[in-house]
Amino acid sequence: MAATIYLLRHGETTWNRSGRLQGQLDAPLTRLGLAQVDAAGRALAGFINGTGFRMVASPLGRTRQSAAVVAEHLGVDYEAIAWDDRLKEITLGDFDGVPGWHAIDRAHPEEAARRNADPWNYRYPNGESSQDVQDRVRPFLAECHAAGGVHVVVAHGVVNKVMRGLYLGLTREQTFALDRPQDAFHRLEAGTEARIEVAVPDSPRAETTV
């Protein structure tokens with residue numbers, strides 16, 4: 001049986017809202033973030049509709065909080081969720097927690113120049129590059145394909161983009177251009193991608209920092 005992957009991003013966090021860069025540091029979900037994952041879980045339950053599946057998520061705090069809400073809608077015990085380190089967000093290393101990209105560029109123009117020269121392979125000081133993320137996500141995606149069936153994955157903006165790019169065979173530039181919504185999720189199936197919008201009451205558009 002071919003694999004179907006439902007790929008969700010965590011809900012908005014307090015740092016998403018303020019524009020702060022999270023990487024592998026953490027901040028709690030906002031009230032909007034809770035509403036987003038609640039709406040996503042409710043919508044996803046309609047697609048799962050009794051089908052067997054496994055649920056796996058990044059072990060960072062914001063994805064644990066998001067996965068817990070989604071799991072309630074799917075009838076999954078929190079203890080049954082698999083936590084996979086390969087799904088952690090890209091770490092910006094020394095720059096995790098910095099107030100925003102402009103702060104990095106002002107304080108470290110030499111790093112901004114290196115990043116702009118080769119965005120895909122640029123590795124943040126004591127951090128990762130997009131290629132590093134692809135290298136750890138690739139075997140996870142291969143395992144999903146090998147296992148077949150349905151997989152519910154709760155992860156992060158950059159990780160999800162890289163996974164979608166791999167699945168769809170996109171170029172690096174096309175992968176960078178992908179969105180990372182918190183008011184929608186994606187279904188990867190039969191080599192194609194479908195975006196599934198969710199109805200979040202009174203929701204302004206969420207920020208999109210990592």
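Quick notes
- Taking a ≥ b ≥ c as the square roots of the eigenvalues of the Cα gyration tensor, the stretch 93-146 is prolate, since a/c reaches 1.5 or more and a/b is larger than b/c.
- Long-range amide H partners of GLN22 with built H, under 5 Å: GLY97, VAL210
- Derived scalar couplings between HN and Hα for the stretch 172-177 equal 4, 5, 5, 5, 4, 7 Hz in order, rounded to whole Hz, by the Karplus curve 6.51 cos²θ - 1.76 cosθ + 1.60 (θ = phi - 60°), x for Gly and Pro.
- Considering the chain, its Cα convex hull presents a mean projected area of 10.9 nm².
- Listed values for the stretch 157-165 are Karplus-derived 3J(HN,Hα) couplings in whole Hz (6.51 cos²θ - 1.76 cosθ + 1.60, θ = phi - 60°), namely x, 5, 4, 5, 4, 5, 5, 5, x, and x replaces Gly and Pro.
- ASP84 long-range amide H proximity, modeled H, under 5 Å: ALA57, SER58
- Interchain or long-range residues, amide H under 5 Å from VAL150's placed H: THR4, ARG54
- Cα centroids of the stretch 1-74 and the stretch 131-157: 16 Å apart.
- Derived scalar couplings ³J(HN,Hα) [the stretch 69-81; Karplus, 6.51 cos²θ - 1.76 cosθ + 1.60; whole Hz; x for Gly, Pro]: 5, 4, 4, 4, 5, 8, x, 9, 5, 3, 5, 8, 6
- Protein heavy-atom accessible surface, 1.4 Å probe, per residue over the chain: 45 Å².
- Residues of the stretch 30-74 with amide N under 15 Å of a point placed 7 Å along Cα→Cβ from SER18: 30-31
- Share, in percent, of DSSP beta bridges within the chain that are antiparallel, nearest 5: 45 percent
- Counting only protein heavy atoms and using a 1.4 Å probe, the accessible area of HIS151 comes to about 10 Å².
- The residue list SER66, VAL198, ILE81 was ranked by how far each Cα lies along the charge dipole of the chain toward its positive end, using unit charges on Cβ atoms, and VAL198 comes out on top.
- By accessible area, using a 1.4 Å probe on protein heavy atoms only, the stretch 1-97 has 50% of its surface on carbon and sulfur.
The values are calculated or read from the model by the stated rules, or taken from the named source; none is laboratory data. All of these numbers come straight from a predicted model, not from anything done at the bench. All Cβ positions, even for glycine, are placed from backbone atoms using ideal geometry, and neighbour counts span all protein chains on display. Note: accessible area is taken over every heavy atom of the protein model, side chains too, but ligands, DNA and RNA are not part of it. Shrake-Rupley method; radii C 1.70, N 1.55, O 1.52, S 1.80 Å.
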